[in-house]
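The values are calculated or read from the model by the stated rules, or taken from the named source; none is laboratory data. Remember, it's a predicted structure, so these values are computed and weren't measured experimentally. Don't worry about glycine lacking a Cβ; one is built from the backbone with ideal geometry, like all the others, and counts go over all protein chains shown. With ligands, DNA and RNA removed, areas are computed over all heavy atoms of the protein, side chains included. Shrake-Rupley method; radii C 1.70, N 1.55, O 1.52, S 1.80 Å.
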Amino acid sequence: MTILIPAGFVIERQYDASPERVFACYSSAKEKLAWLGCHSNWSYSVFEFREGGREIGGDPTESPAYAFEGVYHQIIENRRIAYAYRMTRDGEFFASSVTSIELEPHAGGTKLTFSEQSLFTDGPDTPALREEGTNWGLDQLGPFLETRKATA
Amino acid sequence: MTATIHATFVVERAYDASPERVFFALSDPDARRRWFMDAEGFTSITYEPDFRVGAREFFQFGVGPMNREMTNVHHIHDIIPNERIVLSYAMGWVGEPPFSASLATFELIPEGPGTRLRFTEQGAYLNDEADHALMREHGWKQILERLASEIAGHPQAA
């Protein structure tokens, strides 16, 4: 009998940028790749940022090679993005998640609340690594928003 | 706008049938139509199953006396025959954004001559209804009862 491990976490971040600017970091493939780059050759074969649209990405040059297949379920412009996705490692399923990203105007900037519930198979990719990786990604977003402010 | 509510629940149900038999009822298009679509208070409008990893399934129901139209879209994440099914599903009223996006996991655990089904829902509830997870849990309990009737009442096709 195989084992599935349920997990979940919530991360809050405050950014010194408007919800519109933070939202724009998620709504275009080019912008998203520019800051969420934890895999050096990650690319999207599908990027349909709309309700019911899919996002398919991966880095086939890596070993092991990770891939993401997701569907956007709800998008409220500048406020909320909700999606579900499955992840594979060398083509093998290892995790499913349902995620929401909420943006609220707060203290002259934006409060971002990232909430995720997941199931993991019993392998090298663990819920703790996912949470760590998500924190790392959200840490990149602050400095990235600063660079966008500088060039605006 | 209100915040998304994330919630998890688990419903377990024992069936007097083998994991193979329960998996058949969960995966066969004709069996699924009976226990999933043909429920009291729901009118089946569109039934487009496609039970393969990576596939999208589309279902539409009329709900209640006014037959308000609701959609349910599945994406299949993982299938291990006779052991487990992982899928995501989003539900919403036609013409409106979905009110929920969830992961649904069916695990089949052999128990004596029968099977214990453990259903786990990890849901993101996207509208302003704090009791949504409770309602959903109640709904799944009813569905898993219908699955019992399906297993008892319809011999498996050879």
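Filter segment B:18-33 down to the residues that are open to solvent by less than 40 Å² (accessible area, probe 1.4 Å) and in a helix (DSSP H, G or I) and list them by number.
Matches in segment B:18-33: B:Pro19, B:Arg21, B:Val22, B:Phe23, B:Ala25, B:Leu26, B:Ser27, B:Ala31, B:Arg32.
Go through the residues of segment A:125-132 one by one and say whether even a single one is hydroxyl-bearing (Ser, Thr, Tyr) and modelled with pLDDT under 95.
yes
Identify, from the list B:Asp38, B:Asp50, B:Asp78, the residue that is modelled with pLDDT of 95 or more and away from chain A (no Cβ under 14 Å).
The conditions single out B:Asp50.
Looking at B:Ala133, B:Ala148, can you tell me which residue is at pLDDT 90 or above and more than 10 Å from chain A (Cβ to nearest Cβ)?
B:Ala148
Of all the residues that make up segment A:82-103, how many are under 22 Å from A:Ala17 (Cβ atoms), buried (at least 22 other Cβ atoms within 10 Å of the Cβ) and among the β-branched types (Val, Ile, Thr)?
So the count comes out to 1.
Within segment A:104-112, is there a residue that is within 14 Å of another protein chain (Cβ to nearest Cβ), assigned to a loop (DSSP other than H, G, I, E, B), under 28 Å from A:Ala17 (Cα atoms) and in contact with a strand residue (DSSP E or B) (Cβ under 7 Å, 6 or more places away or on another chain)?
No: segment A:104-112 contains no residue that is within 14 Å of another protein chain (Cβ to nearest Cβ), assigned to a loop (DSSP other than H, G, I, E, B), under 28 Å from A:Ala17 (Cα atoms) and in contact with a strand residue (DSSP E or B) (Cβ under 7 Å, 6 or more places away or on another chain).
List pairs: first residue in segment A:81-96 and facing chain B (nearest Cβ under 9 Å) and over 16 Å from A:Phe120 (Cβ atoms), second residue open to solvent by 30 Å² or more (accessible area, probe 1.4 Å) and in a strand (DSSP E or B) anywhere in the structure, Cβ distance under 8 angstrom, at least six positions apart or on different chains.
Pairs found: A:Ala82/A:Ile75.
Could you run through segment A:1-60 and say how many residues are of a type in the set (Lys, Arg), farther than 18 Å from A:His73 by Cβ and not in a strand (DSSP E or B)?
2
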